[in-house]
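Remarks on the structure that follows.
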Amino acid sequence: MTTAALSIQNVSKHFGKTRAVDNVSFEVNRGEFFSLLGPSGSGKTTLLRIIAGLETPGEGAVYIGGRDVTKLPPYARGIGMVFQDFLLFPHKTVGENIAFPLKMQRLPADKQREQLEWVVSLVRMEGLEDRFPHQLSGGQKQRVALARGLVSRPDVLLLDEPLANLDRELRKEMEVEMRRFQSEIDIPFVYVTHNQEEALTLSARMAVMNYGKFEQVGPKLELYHHPATAFVASFLGATNHLQGKLTRPGETYSHMDWKGIDLVIPSPSAAGPGDTVDYFLKSEKLGIRTGEATPEGTNANRIRGKLRDIIFQGRYSDYFVVFENGEELIISETADIPSVEIGRSIEVTWPAEAGYAFKNEEEEAS
Ligand SMILES: Nc1ncnc2c1ncn2[C@@H]1O[C@H](COP(=O)(O)OP(=O)(O)OP(=O)(O)O)[C@@H](O)[C@H]1O
Ligand SMILES: [Mg+2]
């Protein structure tokens, strides 16, 4: 028995030879924003559909509010759903669209009115109830879809890439709104996305999925700062992937040969001399030096390269530096660096622990 709002226990689903969901377990508490993050085809939608009851798991069980719902149909589970493509009824008004689940439940009229008013004010759509979907902006349509998912006050709200169809600016705005809705109610959200920025902005805890499995699940900052696998590190925004051979293993720091350049890295677990190592570095953790004051210490990396290009990204710029081994690193700097010109030699510096190193298991297997 579990008291979590939602509990998934050892759920698997195969489609022929495809293991869409492979022995997944997790819990989501009341009021929590939980994200499922993973690349296309990693099983996110399948897992969400299993929770919703739109798909039957091959193995495992789904509990909502401590109740085993594995064999219950979708309408009996107490869930709300929001999809990527809104799915609004074009010939119904905003109010009718939002109230649709209440009609289906045959709630008394006054109760329907009360819940409709509550949700319309929550998503700030007051005064727009009589409009039709074609009279709304993209963001407003998305609010209607959210309101419809929430109107029956479900025990869990499931969202499948609800912001994917919005342009970047609107998406950012809706992310802020979504956090606000969620903080005002205690309905837990299970939010599917393949956008790492979105998952990091919105959720408290998250899981990274790959080939149907959970690679890692936990508080978002734990995944961001302490990725457990190479996949999580690369998926959560490590722009630079350096592959090399472990030369000198040590307790805290080790050395790796990065195609001819010696680097100090945090010691990867279970790796010995000669093993292939993947070292992931976030571009914002690297620094550029144009002269003097270079960092010292056993954990400091300092390598000289040639600035190939600078790409202005708005709040920061990406510096592309090529090294003598032919490899390139991207360094993001928020401040303008004077006296740095394309073609010039510059020094790139970072402490070993600015990145994450893993023994490459694939090399091992092959
Ligand atoms: N009904 C189905 N029949 C056969 N294979 C399926 C079915 N539904 C999903 N799959 C397969 O299961 C795997 C997981 O699919 P799923 O839709 O869950 O991925 P996803 O993580 O949601 O991807 P996306 O980000 O592209 O939406 C994929 O390999 C997909 O092709
Ligand atoms: Mg999907």
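Observations on the structure shown:
- Members of segment 14-50 found to be over 23 Å from residue 197 (Cβ atoms), buried (at least 22 other Cβ atoms within 10 Å of the Cβ) and more than 8 Å from ligand 1 (Cβ to nearest atom), listed by number: 24, 50
- Residue count for segment 18-54 under the criterion of being within 17 Å of residue 162 (Cα to Cα) and touching a helix residue (DSSP H, G or I) at 6+ places or on another chain (Cβ under 6 Å): the result is 6.
- Note on segment 146-198: among residues that are of a type in the set (S, T, N, Q) and buried (at least 16 other Cβ atoms within 10 Å of the Cβ), the one that is farthest from the chain's Cα centre (by Cα) is 152.
- Any hit, segment 218-233, residues being within 16 Å of ligand 1 (Cβ to nearest atom), among the charged types (D, E, K, R) and modelled with pLDDT under 95: no
- Among the strands (runs of 3 or more DSSP E) confined to segment 187-254, the ones with at least 3 residues that are assigned by TED's automatic domain parsing to the domain that holds residue 361 and in contact (Cβ under 8 Å) with a residue 12 or more places away in the chain are located at 240-248.
- Only one entry of 150, 107, 87 meets the criterion of being within 30 Å of residue 50 (Cβ to Cβ) and in contact with a Leu (Cβ under 7 Å, 6 or more places away or on another chain), and that entry is 150.
- Contact annotation: residue pairs with Cβ atoms under 9 Å, 6 or more positions apart or on different chains, pairing a residue in segment 35-47 that is in the same structural domain as residue 61 (by TED's automatic domain parsing) and over 14 Å from residue 15 (Cβ atoms) with a partner that is more than 9 Å from ligand 2 (Cβ to nearest atom) and charged (D, E, K, R), are 35/198; 35/205; 35/220; 37/198; 38/215.
- Just one of (1) surrounded by 14 or more Cβ atoms within 10 Å (Cβ to Cβ); (2) within 20 Å of residue 157 (Cβ to Cβ); (3) free of Cβ contacts under 8 Å to residues at least 40 places away in the same chain; (4) more than 16 Å from ligand 2 (Cβ to nearest atom) fails for residue 54. It is (4).
- Considering 291, 260, the condition of being surrounded by fewer than 16 Cβ atoms within 10 Å (Cβ to Cβ), over 18 Å from residue 358 (Cβ atoms) and at pLDDT 95 or above is satisfied by 260 alone.
The values are calculated or read from the model by the stated rules, or taken from the named source; none is laboratory data. What you are looking at is a predicted structure, and each value in this text was computed from that prediction instead of being measured. Every residue, glycine among them, receives a Cβ derived from its backbone with ideal geometry; neighbour counts consider all protein chains shown.
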